[in-house]
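Here's the structure, in C-alpha cells; my notes come after.
The values are calculated or read from the model by the stated rules, or taken from the named source; none is laboratory data. Being a predicted model, the structure only gives us computed values, none of them experimental. Don't worry about glycine lacking a Cβ; one is built from the backbone with ideal geometry, like all the others, and counts go over all protein chains shown.
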Amino acid sequence: MDWENLLENISVWYNIFLEWYSQQPLYGQVLAIIGIIAILVSIVILIYYIIKGIAYLIYYSIKGVFYLLKYIGYGFFKLFEGFYLLVSGKSKYKSRNNNQFNIRNSSTMEHRIFLEYCSECGKRLNNKMKDHLEKNEIVFCVNCGTRIERIQAVQSIIVSH
C-alpha cells in the first residue's frame, strides 16, 4: 500500500469537507458538528456491544463445554462406582444395626398401622398428621377437627385386640 497516496487522498477529502463546512451558515455548522459527534458516539457504542457480545459468546461456550465434560466425567464415575459395588457385593449405604432404633421403629410402625383413620369422621390421616401425633402426642383431624391423642389411640388399640 502506498502511504503517500493514501495521505494525499485523505488530505484532498478533508479540504473538500472544510470548503463545504465553511460555506454553511452558523446553525448548519453547529448541526454538522452535532451530527459528527452523534455518529462517532453511535460507532463507539456499536463497537462496545459487538465486543461484549463476542465476550459473552466465548464465555458461555467455554462454560457449556466445561459443564458438559464435567457431567460426562461424573456419569463415568457413577457408572464405574456401580460396577465396582456390583462386582464387590458391597452396599453404598450403611445399615443401622442399633437395637434401640429397631425397637423404636417397630413401635412407630404399629402406631402407623392402627392410626390410619380418624375415629370421628373415618377419613384417612395424612403423613404430616401422623408425624405430628408421634412427636407431640396430640393432633387435630384436618377434616372434622376432632382431637386425637396418642394415649387414647394406644388404649383403643389394646381394647380392640
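Values computed for the structure shown
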| quantity | calculated |
| --- | --- |
| Options L6, L18, L40; residue that is under 53 Å from the mean Cα position of the chain (by Cα) and surrounded by 10 or more Cβ atoms within 10 Å (Cβ to Cβ) | L40 |
| Condition met for N97 (surrounded by fewer than 10 Cβ atoms within 10 Å (Cβ to Cβ) and at pLDDT below 95) | yes |
| Residues (of a type in the set (K, R) and within 20 Å of the chain's Cα centre (by Cα)) located in the stretch 51-93 | K63, K70 |
| Residue identified as β-branched (V, I, T) and closer than 30 Å to W20 by Cβ among I39, I50, I72 | I39 |
